[in-house]
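Quick one: the structure is below, and I'll ask about it shortly.
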């Protein structure tokens with residue numbers, strides 16, 4: 001019998017083509033997300049870098065730049081108007097932020113315990129945040145008007161003297177703070193509400209079974225578990241509050257005979273960003289305006305770190 005010869009199985013030859021690299025393999029995915037990064041590079045990162053470069057030069061926006069070195073930074077540290085704007089901004093921020101956080105917390109607790117019309121309440125409280133700041137400032141300018149304002153009409157009705165809200169240093173600060181509080185309370189209430197809904201209901205039931213009252217439950221359960229949300233609200237409120245611009249600009253423009261950029265009588269409503277706007281676009285000093293912008297950036301970062309550390313330390 002003839003023996004059949006068996007041929008060995010063919011061995012696959014290794015491919016000589018090299019695998020494509022990560023970028024060549026996924027280039028279409030990089031191309032899909034590239035518009036965001038290109039836009040950010042052109043309108044975000046480049047202006048930041050250019051402003052830092054500009055802070056070392058003197059430039060009126062049209063002519064050639066003149067190298068100034070650190071002289072503008074040195075002048076910034078001794079500029080009394082800049083330090084006055086920092087003080088005004090911090091006072092306005094404090095007058096607005098702490099009452100706003102308290103009111104937002106109370107509103108969130110009430111919304112969380114509401115049974116009917118929850119969606120309607122949430123939309124109603126969120127509306128001030130999406131309303132035009134200019135429109136809100138015009139309305140508040142009428143409400144706090146010295147002669148025909150609603151607030152002074154109420155004060156006169158209860159037998160109190162009228163207050164020149166938009167013509168006195170503290171009146172201006174209180175008015176701007178009231179506007180910012182009204183604008184941001186509803187937004188932060190929705191943030192607090194989202195945090196409240198993440199707290200397990202079993203904790204509240206166990207606390208009630210142990211005889212804890214509403215106040216003890218709030219300070220022993222609700223507030224500690226809301227600390228991450230409180231930190232977020234505080235940092236965001238610090239960043240937005242220290243950059244207030246439209247509120248004092250529109251209020252003082254429509255209510256006073258002083259210059260729009262002067263910040264009212266005694267520059268008492270001149271915030272940091274308003275001062276930056278004055279130096280850059282009113283005085284056409286773009287170099288010093290860039291130095292002021294970086295000074296504002298450092299102040300905002302410093303206060304954000306302080307708030308973050310305070311809340312984290314209490315959490316520990």
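So, of the residues in the range 50-65 that are surrounded by 11 or more Cβ atoms within 10 Å (Cβ to Cβ) and farther than 30 Å from residue 264 by Cβ, which turns out to be farthest from the chain's Cα centre (by Cα)?
Restricting to residues being surrounded by 11 or more Cβ atoms within 10 Å (Cβ to Cβ) and farther than 30 Å from residue 264 by Cβ, the top hit is 65.
Given the residues 124, 104, which is the only one that is out of contact with any strand residue (DSSP E or B) (no Cβ under 7 Å at 6 or more places or on another chain) and surrounded by 20 or more Cβ atoms within 10 Å (Cβ to Cβ)?
104
Determine, yes or no, whether residue 110 is free of Cβ contacts under 8 Å to residues at least 12 places away in the same chain, under 28 Å from the mean Cα position of the chain (by Cα), closer than 25 Å to residue 185 by Cβ and surrounded by 12 or more Cβ atoms within 10 Å (Cβ to Cβ).
For residue 110, the condition - free of Cβ contacts under 8 Å to residues at least 12 places away in the same chain, under 28 Å from the mean Cα position of the chain (by Cα), closer than 25 Å to residue 185 by Cβ and surrounded by 12 or more Cβ atoms within 10 Å (Cβ to Cβ) - is met.
Let me ask something additional. I need every pair where a residue in the range 50-77 that is under 22 Å from residue 299 (Cβ atoms) has its Cβ under 9 Å from the Cβ of a residue that is part of a strand (DSSP E or B), sequence separation at least 6 or different chains.
Close Cβ pairs satisfying both conditions: 56/67; 68/57; 68/58; 71/58; 72/57; 72/58.
Residue 177 - would you say it is buried (at least 20 other Cβ atoms within 10 Å of the Cβ) and modelled with pLDDT of 90 or more?
For residue 177, the condition - buried (at least 20 other Cβ atoms within 10 Å of the Cβ) and modelled with pLDDT of 90 or more - is met.
Would you confirm, using the coordinates I've provided, whether residue 147 is in contact (Cβ under 8 Å) with a residue 60 or more places away in the chain and not in a helix (DSSP H, G or I)?
no
Can you report the number of residues in the range 231-266 which are within 25 Å of residue 75 (Cα to Cα), in contact with a helix residue (DSSP H, G or I) (Cβ under 6 Å, 6 or more places away or on another chain), at pLDDT below 85 and surrounded by fewer than 18 Cβ atoms within 10 Å (Cβ to Cβ)?
The total comes to 2.
The values are calculated or read from the model by the stated rules, or taken from the named source; none is laboratory data. Because the structure is predicted, anything quoted here is derived from the model rather than measured. Every residue, glycine as well, gets a Cβ built from its backbone with ideal geometry; the counts of neighbours run over all protein chains shown.
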